[in-house]
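Below is one structure, written out as structure tokens; the observations come after it.
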Amino acid sequence: MIKFCAFLLALLLLPLPAHADAPTGDASYFAAVDAALAKPETADWKNIRVLYPQTSAFKDHATDGPVKGLHAVADKAAVEKTPEAIKAFKDLMRAHMASIDSHLYALHLQAAQPLDFIDAAFEKRAASGLIQAILATGDGQSAATAFHTLGIDEQIALMRSYFNFKIIDRGQESGLDVFNVTDEKTAQKAKVYFASGAAASPPASPLEDTALLEVRTRAAKPLPPLQDTAYLQLVDTALATPEKADWKSIRDLYVNTSFFRQHAGLLPEEFFADAAKKAIAAGTPEEMATYKEFLRDHFGNIASHKQALRDMAGYAGKKPAFLDRNLEQK
């Protein structure tokens, strides 16, 4: 009996096996990330990007747009500049080092105002390294040579920041994301093919298999019909009588409009800022009318209202008289 009790005690003292659902890639990923932070010139961006889907951070990033909450955390750090806010921003950036959008947004903030906690040279190197990793997967000119991307944020970054393409619309062909685009420099039209959710190299773990399968299943769903007319009717009602506005329906319908799809569901705040600065700087009735129409089209995007409130605070140097602070705050 004594020997049996001793045996049971020994079993209880044995270390417990790792939980089956625990991410397996965090340690490897953060080792590669920290090496990049310490020595950017030797960073292995391709490996960082391949490891990213195996992390717990990736599970919080739905790959349908910017990293959840990152823009808000970054804005808070830029405004407050407190040690706590800056640490929260840096921690989130470290966790999502493989997200191109995170680096582009950091550069956007740094361009708006000098921030000593953002290293512009590093952010440019990181964004460039991640883009080069995507370019190594194909040329995007056909289904057979589609670029392999982890999500739509990579697709948008590649087309806008690297190729300087204007997106006309987005659809699916044989399970691939296909964008019709126009080259801003040559005005030539083209198609760009993406295998969304496919990593730059074969999956390294069951966790990655699951994450990529979820992305592929979501991407394969057909797009619902456009509802521009119904959406704009609700928007115009909100503009005329804000107290009767149906904000939930406006938001729900926005994702099924041509305005949303033209930007592939990803319209970072810098695009609203660029439109605002152009209109306010010109100061002409025509430019103001164009900007006002732009805000109407994207009424269902909270970033448009945040930008309008910035404009009224003198964000772009002037305060446009046609904006209604009470409406924007609602």
Report in % the part of the accessible area of segment 29-157 that belongs to carbon and sulfur, leaving out ligands and nucleic acids; probe 1.4 Å. 55
Once both labels are modelled 7 Å past Cα along the beta-carbon direction, what's the Thr182-Arg94 spacing in nm? 4.5
Pairs to check: Lys46/Lys87; Lys68/Lys166; Lys81/Lys244; Lys39/Lys189; Lys248/Lys292. Give those whose C-alpha atoms are more than 32 Å from each other in this structure. Lys81/Lys244; Lys39/Lys189
Can you give the accessible area of Val79, probe radius 1.4 Å, in Å² rounded to 10? 120
Protein-only accessible surface order, largest first, of Lys248, Lys81 at 1.4 Å: Lys248, Lys81
Once amide H atoms are placed 1.01 Å from N in the peptide plane, what residues at a sequence separation of 5 or more from Leu150, or on another chain, have their amide H within under 5 Å of its amide H? Gly197
Length gain on complete extension for the stretch Ile168 to Asp228, per 0.36 nm per residue less the alpha carbon to alpha carbon distance? 20.0 nm
Quick one: dipole size for segment 54-169, taken about the Cα centre, charges +1 on Lys/Arg Cβ and -1 on Asp/Glu Cβ, in debye to the nearest 20. 140
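The values are calculated or read from the model by the stated rules, or taken from the named source; none is laboratory data. The shown structure was predicted, so the numbers you read here are calculated from the model rather than taken from an experiment. Note that each Cβ is placed from the backbone with ideal geometry, even for glycine, and that neighbours are counted across all protein chains shown. Remember, those area values only see protein heavy atoms, side chains included, never the ligands or the DNA or RNA. Shrake-Rupley method; radii C 1.70, N 1.55, O 1.52, S 1.80 Å.
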